[in-house]
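The values are calculated or read from the model by the stated rules, or taken from the named source; none is laboratory data. Keep in mind the model is a prediction, meaning the values are calculated, not measured. A quick note on method: Cβ atoms are made from the backbone with ideal geometry, for glycine too, and the neighbour counts reach across all protein chains shown.
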Ligand code: GDP
């Protein structure tokens, strides 16, 4: 994500590299490049002009003598201004209330329903009782979709399939959430393909009726300038509290993130980076600015890992490793944990330096598929006692998993190498006075 912009900024800064000081002339050139990069990334022209004017003032005002290098100084200034442009501080969703009512608005296809599921998942993981409600009276498929997501993340689902009155459904949903003691109720509403009066009236009426604690506007970041216009239209009518930017995993040029905040003056609160329920991140303006500048986003990566990893399971596997009993069940469980962390390429993109290197490399989960198939074709006994997997068993496993005997052999070899390494680490830890050191 944002690759175009960060590559272009890279080039803009190159013109400054090797120059001893920031002069009016070389800064003007760089500023022009930065502005062009922003506009190319779909940033609203007026916004791009304001931000680059500020960058220029800042740069010219700096004492060039103390600057590490003009290029580095410029990166810092651009980073500061981009952070500021996206709101400065992180802004949290407000879920104070009993129950807190979160209203989700946006165009059809923007990712509202997916986000509703993700937010439910996110809040449930914080230990909150959550209910989701479908208020789309036009598309039964939208109701089914939310129902499936609710089941998947394990939260209560509310709908009234016979009703044609979204306002009443929303009211009833809130009542139901109250009665059942939920902490948060999330109301997914109907969207349309484009902004129209009827949709606006409906969402306005729902909002008036249930007086949400928080109204979030969901927008597809791939729609560029349209995203800004749609945000403005919704905000003029329903005065939302925050923005959710979706599909930032795609080919989005990211300009929406930069302009929406500046144009509607409402904070972006979440970003959605994939179709999986875990692919949701809080929006940190400074981290996003870092990401735009190609500095990676290690903090988000770590947080996502913490959320997705099952502590208890990790402890159990660690114990097996220490007892030299690491087996294929543990291996499979680890693969599943990694997969749960969301789209792998997206994660890799968060590591500084790596995003650029890997920009054209395809990484996907299909690499895991044969491994999983092989392990799943093993018997329970074989998984727990890998040493018993003889030649004839390997043949059977290859057939059962639709792989080749070479693939099975390779996996067995990798697995055994891994175990050998674990054993020698255990030994080392042991000679240093206790296995506990490994944990
Ligand atoms: P709604 O009509 O606004 O409720 O939109 P949906 O939630 O049904 O999403 C529309 C499509 O976009 C679906 O195919 C989703 O799986 C997909 N989608 C939603 N959010 C994301 C995202 O962050 N990244 C990607 N790649 N796809 C998404």
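The residues of the range 264-282 that are on the phi > 0 side of the Ramachandran plot and in contact with a strand residue (DSSP E or B) (Cβ under 9 Å, 6 or more places away or on another chain) amount to a single one, 274. The residue pairs whose first member lies in the range 380-395 and is outside any helix (DSSP H, G or I), whose second member is at pLDDT 95 or above, and whose beta carbons are closer than 6 Å, counting only pairs six or more residues apart or on different chains, are 389/382. Only strands (runs of 3 or more DSSP E) whose full extent lies in the range 92-200 are considered here, and the ones with at least 2 residues that are within 11 Å of the ligand (Cβ to nearest atom) are 100-106.
Every residue, every condition in (1) modelled with pLDDT of 60 or more; (2) touching a helix residue (DSSP H, G or I) at 6+ places or on another chain (Cβ under 6 Å); (3) surrounded by fewer than 12 Cβ atoms within 10 Å (Cβ to Cβ), yes or no:
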site: 338; (1), (2), (3): yes, no, no
site: 343; (1), (2), (3): no, no, no
site: 350; (1), (2), (3): no, yes, no
site: 362; (1), (2), (3): no, no, yes
site: 400; (1), (2), (3): yes, no, no
site: 416; (1), (2), (3): yes, no, no
site: 425; (1), (2), (3): yes, no, no
site: 430; (1), (2), (3): yes, no, no
site: 435; (1), (2), (3): no, yes, no
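The number of residues in the range 247-298 that are buried (at least 19 other Cβ atoms within 10 Å of the Cβ), modelled with pLDDT under 80 and within 10 Å of the ligand (Cβ to nearest atom) comes to 1. Each residue in the range 219-246 was checked for being more than 14 Å from the chain's Cα centre (by Cα) and near the ligand (Cβ under 10 Å from one of its atoms), and 2 pass. The set of residues in the range 26-44 being modelled with pLDDT of 75 or more and not in a helix (DSSP H, G or I) consists of 43, 44.
Any residue that is over 20 Å from residue 155 (Cβ atoms), assigned to a loop (DSSP other than H, G, I, E, B) and under 21 Å from the mean Cα position of the chain (by Cα) - is there at least one of those in the range 76-86? Steps first, answer last, please.
Taking the range 76-86 first, the residues over 20 Å from residue 155 (Cβ atoms) are 76-86.
Those still in the list that are assigned to a loop (DSSP other than H, G, I, E, B) too: 86.
Next, only the ones that are under 21 Å from the mean Cα position of the chain (by Cα) stay: 86.
Among the residues of the range 76-86, at least one is over 20 Å from residue 155 (Cβ atoms), assigned to a loop (DSSP other than H, G, I, E, B) and under 21 Å from the mean Cα position of the chain (by Cα), which makes the answer yes.
Under the condition of being in contact with a helix residue (DSSP H, G or I) (Cβ under 8 Å, 6 or more places away or on another chain), over 26 Å from residue 175 (Cα atoms) and assigned to a helix (DSSP H, G or I), the residues counted in the range 206-233 number 9.
Could you tell me whether any residue of the range 204-212 is touching a residue at least 12 places away in the same chain (Cβ under 8 Å), over 23 Å from residue 129 (Cα atoms) and more than 16 Å from the ligand (Cβ to nearest atom)? Even if it seems obvious, please write down each step before you answer.
Filtering the range 204-212 down to residues touching a residue at least 12 places away in the same chain (Cβ under 8 Å) leaves 204-207, 209-212.
With over 23 Å from residue 129 (Cα atoms) added as a condition, the list becomes 204-205.
Narrowing the set further to residues that are more than 16 Å from the ligand (Cβ to nearest atom) leaves 204-205.
Within the range 204-212 (the criterion being touching a residue at least 12 places away in the same chain (Cβ under 8 Å), over 23 Å from residue 129 (Cα atoms) and more than 16 Å from the ligand (Cβ to nearest atom)), the answer is yes, since at least one residue qualifies.
Only residues that are surrounded by 24 or more Cβ atoms within 10 Å (Cβ to Cβ) and in contact (Cβ under 8 Å) with a residue 60 or more places away in the chain were counted across the range 118-130, and they come to 3.
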